[in-house]
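Here's the structure we're looking at; comments come further down.
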Amino acid sequence: MPELPEVETIRRSLLAKLTGATIRSVTVRERRLRRPIARDFESRLRGRRVLNIRRRGKYLLFDLDGDDRLLAHLGMSGRLEMRSGNAPEELHDHVRLNLDRGRTLVFNDPRRFGLMRVGQPTELDEIHHVGPDPLAAEWSADRLRPLVRGRRRPIKNLLMDQTLLGGIGNIYANEMLYRAGIRPTRRARTLRRRELDALAGAMRRVLTDAVRLGGSSISDFRDGDGRPGYFQLQLAVYDRAGDPCPRCRTPIRRVVLAGRSSFYCRRCQR
DNA sequence: CGCACCCCCTGCCGGC
DNA sequence: TGCCGGCAGGGGGTGC
């Protein structure tokens, strides 16, 4: 589910309600996530106040008073949502942060590919390898050039490499390559300057559009208030194999790259 | 270095 | 109506 736009949407929806809130108690129902939840998770969070929420790629980082921070990742199926304290428990509710004012932050994740972890900044090694944010800076051909230089791998794999760029997943990699007119299979180092220009522009447009529309709700994405996103209505190629290209009506093709479904128009994308 | 191929896990969908 | 295979927005590990 969650790529950069979805994670950013969740961050924004939680920010106002969570900053300043105190964690009164913590309930963990299932410790077996991507990494097991450590034994001291609850005690290190209890009594802490949330000061801010930041995003690193697809990770959310909750600043707390004291030295610890809370790191969360939603994997494929994770949700973080605010509920009233007496709301009924749901299937796959794994972690509940019981806050003041009768509210609860719930981490729900059917597939358990997500992550919740408390630690000092230096201990949270997951985020140390996350590359620069594709939205934070103004990307350009000059800025992309060193990333593609000498790399024979398909450009789509490179876009999704979280150590090179933090936050782009399968949906948005496909969509930005469509808008840039570049096939996902193109070797990164063969991209010409004008193609890198187009790609930089497409990265920004796709991600800002997606954030503005609250992310993509393909099956069940919801923000921290349970609201869906609407960028799925703008998807030109993702999961549209066989459908006509919105621009030229050529049927969209599906190929597999690095084990992930990849979609493109063979006429509009070269 | 970067790939293919495995794993983790639940849910859903289409074919039979 | 089941059952089964394939697939799904994630990351990580292995071996080549």
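A compact table of results
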{"item": "Test set (1) more than 16 Å from DNA strand B (Cβ to nearest atom); (2) over 21 Å from residue A:134 (Cα atoms); (3) exposed (fewer than 14 other Cβ atoms within 10 Å of the Cβ); (4) not acidic (Asp, Glu) - residue A:227 fails condition number", "result": "(3)"}
{"item": "Subset of region A:38-53 that is charged (D, E, K, R) and in contact with an Asp or Glu (Cβ under 9 Å, 6 or more places away or on another chain) - its residue that is farthest from DNA strand B (Cβ to nearest atom)", "result": "A:49"}
{"item": "Residue A:225 touching a residue at least 60 places away in the same chain (Cβ under 8 Å) and acidic (Asp, Glu)", "result": "yes"}
{"item": "Matching option when the condition is within 13 Å of DNA strand C (Cβ to nearest atom) and either under 21 Å from residue A:142 (Cα atoms) or among the aromatic types (Phe, Trp, Tyr) (or both), among A:199, A:164", "result": "A:164"}
{"item": "Matching entry among A:118, A:206, A:211, A:148 (being within 25 Å of residue A:79 (Cα to Cα), away from DNA strand C (no atom under 16 Å from the Cβ) and touching a helix residue (DSSP H, G or I) at 6+ places or on another chain (Cβ under 7 Å))", "result": "A:118"}
{"item": "Verdict on residue A:232 being modelled with pLDDT of 95 or more, in contact with a Gly (Cβ under 9 Å, 6 or more places away or on another chain) and either surrounded by 17 or more Cβ atoms within 10 Å (Cβ to Cβ) or over 19 Å from residue A:132 (Cα atoms) (or both)", "result": "no"}
{"item": "Single residue of region A:1-26 satisfying the filter (hydroxyl-bearing (Ser, Thr, Tyr) and more than 15 Å from the chain's Cα centre (by Cα)) that is nearest to residue A:203 (Cα to Cα)", "result": "A:19"}
{"item": "Only one of A:169, A:259, A:201, A:242 that is in contact (Cβ under 8 Å) with a residue 24 or more places away in the chain and either farther than 30 Å from residue A:108 by Cβ or of a type outside the set (D, E, K, R) (or both)", "result": "A:169"}
{"item": "Scan of region A:89-142 for residues that are within 16 Å of DNA strand B (Cβ to nearest atom), aromatic (Phe, Trp, Tyr) and part of a loop (DSSP other than H, G, I, E, B), ordered by number", "result": "A:113"}
{"item": "Residue in region A:66-85 that is assigned to a loop (DSSP other than H, G, I, E, B), closer than 30 Å to residue A:161 by Cβ, within 15 Å of DNA strand C (Cβ to nearest atom) and aliphatic (A, V, I, L, M) present", "result": "yes"}
{"item": "Selection within region A:190-229 - among the charged types (D, E, K, R) and at pLDDT 95 or above", "result": "A:192, A:193, A:194, A:195, A:197, A:204, A:205, A:209, A:212"}
{"item": "Within region A:245-259, considering residues that are in contact with a Lys or Arg (Cβ under 8 Å, 6 or more places away or on another chain) and part of a strand (DSSP E or B), the one farthest from DNA strand C (Cβ to nearest atom)", "result": "A:253"}
{"item": "Candidate set: region A:69-88, residues that are buried (at least 17 other Cβ atoms within 10 Å of the Cβ) and farther than 18 Å from residue A:227 by Cβ; chosen: the one farthest from DNA strand B (Cβ to nearest atom)", "result": "A:69"}
{"item": "Residue match in region A:54-65 (condition: surrounded by fewer than 15 Cβ atoms within 10 Å (Cβ to Cβ), more than 14 Å from DNA strand B (Cβ to nearest atom), of a type outside the set (A, V, I, L, M, F, W, C) and at pLDDT 95 or above)", "result": "yes"}
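The values are calculated or read from the model by the stated rules, or taken from the named source; none is laboratory data. Everything numeric in this text was worked out from a predicted model, so none of it was measured. Glycine gets a Cβ as well: all are built from the backbone with ideal geometry, and neighbour counts include every protein chain shown.
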